[in-house]
1. Among helices (runs of 4 or more DSSP H) lying entirely in the range 84-142, which contain 2 or more residues that are more than 11 Å from Val66 (Cα to Cα) and of a type in the set (D, E, K, R)?
2. Given the criterion acidic (Asp, Glu) and closer than 16 Å to Glu138 by Cα, identify the matching residue among Glu77, Glu118, Glu110.
3. Yes or no: the range 41-59 includes at least one residue that is assigned to a helix (DSSP H, G or I) and over 14 Å from the mean Cα position of the chain (by Cα).
4. Can you tell me which residues in the range 3-29 are among the charged types (D, E, K, R) and either at pLDDT below 90 or outside any helix (DSSP H, G or I) (or both)?
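The values are calculated or read from the model by the stated rules, or taken from the named source; none is laboratory data. Worth saying up front: this structure is predicted, and the values here are computed from it rather than measured. In this analysis, Cβ positions are derived from the backbone assuming ideal geometry, glycine residues included, and neighbour counts consider all displayed protein chains.
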Amino acid sequence: MARQLTAEDVRQTLNAHVAEKAAEIHAKYSPDLGWGGLQLLLQDRAYVRYPCELVFEAAPLQPGEVAHAAAKGGRPEDGFTIFVHPFFMTQLAAVPALVLYQLVLVNYGEFASPDDAETFGAGALGLAKDEYYARLCELADQIGGCDCA
């Protein structure tokens, strides 16, 4: 008799898939996934399932939030707007770290967890997960958005 999958099995499978895709992105877009590489990545449907538009605007963000992906319509195929705090317009090299975290929501919807987003961002940038998390906290702290202990 086949073993029934548990919620934990599904979570681990998604996290492994996210890590695999992140490693592929790192191999394809590195050594430095900067602003230009991010623009190419956002057009690459092998890694970003749905169209995404980057907008530097703070109004849709919650207090302390540095970036957020919002659906443009009722279907994922309608695309997403990824809002990034305008503070980062002058730090374009930092934007990929912020956007990669949001791409997990774009690709996997509500099934994705913050852990999946950290796995994805860290892997795509070739960083250890704790190093990536510290980078996100450092960026959020620049606008007073994170109390990362």
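1. 114-125, 129-141
2. Working: Glu77 fails: closer than 16 Å to Glu138 by Cα; Glu110 fails: closer than 16 Å to Glu138 by Cα.
The unique qualifying residue is Glu118.
3. Step one: of the range 41-59, the residues assigned to a helix (DSSP H, G or I) are 41-43.
Filter again for over 14 Å from the mean Cα position of the chain (by Cα), leaving 43.
Yes, the range 41-59 has at least one match.
4. Taking the range 3-29 first, the residues among the charged types (D, E, K, R) are 3, 8-9, 11, 20-21, 24, 28.
If the condition is that a residue be among the charged types (D, E, K, R) and either at pLDDT below 90 or outside any helix (DSSP H, G or I) (or both), then Arg3, Glu8, Asp9, Arg11 are the ones that fit.
Condition check ((1) in contact with a Ser or Thr (Cβ under 9 Å, 6 or more places away or on another chain); (2) of a type in the set (D, E, K, R); (3) surrounded by 12 or more Cβ atoms within 10 Å (Cβ to Cβ)) across all residues:
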| residue | (1), (2), (3) |
| --- | --- |
| Arg49 | no, yes, yes |
| Phe56 | no, no, yes |
| Pro60 | yes, no, no |
| Asp78 | no, yes, no |
| Pro96 | no, no, yes |
| Phe111 | no, no, yes |
